[in-house]
Amino acid sequence: MPAGHGLRSRTRDLFARPFRKKGYIPLTTYLRTYKIGDYVDVKVNGAVHKGMPHKFYHGRTGKVWNVTKRAMGVEVNKQVGNRIIRKRIHVRVEHVQPSRCREEFKLRKIRNDELKAEAKKRGEKISTKRQPEGPKPGFMVEGATLETVTPIPYDVVNDLKGGY
């Protein structure tokens, strides 16, 4: 029989609960507060069938644009042909978790503000832009001995006899 093209086709492993994570869903999933503008990761929980997003959105990061009693609206980018469309989907809270995508940015922002404040006290201006790692510095190799290697001449006659 041909393969089906249903809504949940090819999701046997995708929606399966992880090892030692089966059973009841922790309460923190339901007690978390989400605000409009928060970044969230869509991660489908196979145990909850209600409010489940399509398999395409599993593993995608989006921005919250609407919060309801048990679900939330998430704005996710989707590439369709040669363009990227902002898709707005409603997903239940069980299928969403707070994203860590802006964690490093927020820490860098705090650190940069501290550096700017210190520089202002000293009376100088600093650049907080990230710079790419340049080339590695050169060095001299010391204590190395040179050894010249010459090839052994190939003897056709002895090779045909089977000996040297």
- Item | Positions within region 63-85 being under 21 Å from Arg8 (Cα atoms) and under 19 Å from the mean Cα position of the chain (by Cα), in sequence order | Val74, Val76, Asn77, Lys78, Gln79
- Query: What about Asn158, is it more than 30 Å from Asn45 (Cβ to Cβ), at pLDDT 95 or above and in a helix (DSSP H, G or I)?
  - Reply: no
- Per the filter on region 119-142, residues open to solvent by less than 100 Å² (accessible area, probe 1.4 Å) and under 23 Å from Lys106 (Cα atoms) are Ala119, Ile126, Ser127, Thr128
- Message: Would you confirm, using the coordinates I've provided, whether Ser99 is open to solvent by less than 100 Å² (accessible area, probe 1.4 Å) and out of contact with any Phe, Trp or Tyr (no Cβ under 6 Å at 6 or more places or on another chain)?
- Response: no
- Answer yes or no: is there a residue in region 103-112 that is exposed (fewer than 15 other Cβ atoms within 10 Å of the Cβ) and either assigned to a loop (DSSP other than H, G, I, E, B) or β-branched (Val, Ile, Thr) (or both). yes
- Of residues in region 8-32 being among the aliphatic types (A, V, I, L, M) and closer than 15 Å to Lys55 by Cβ, the one most open to solvent (accessible area, probe 1.4 Å): Leu14
- Task: Within region 50-74, count every residue that is touching a Gly at 6+ places or on another chain (Cβ under 6 Å) and open to solvent by 40 Å² or more (accessible area, probe 1.4 Å).
- Result: 2
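With respect to Gly163, is the statement that it is part of a loop (DSSP other than H, G, I, E, B), loosely packed, with under 10 Cβ neighbours inside 10 Å, modelled with pLDDT of 90 or more and small (Gly, Ala, Ser) true?
Answer is no for this residue.
The values are calculated or read from the model by the stated rules, or taken from the named source; none is laboratory data. All of these numbers come straight from a predicted model, not from anything done at the bench. Note that we place each Cβ from the backbone using ideal geometry, even for glycine, and neighbour counts take in every protein chain shown. Remember, those area values only see protein heavy atoms, side chains included, never the ligands or the DNA or RNA. Shrake-Rupley method; radii C 1.70, N 1.55, O 1.52, S 1.80 Å.
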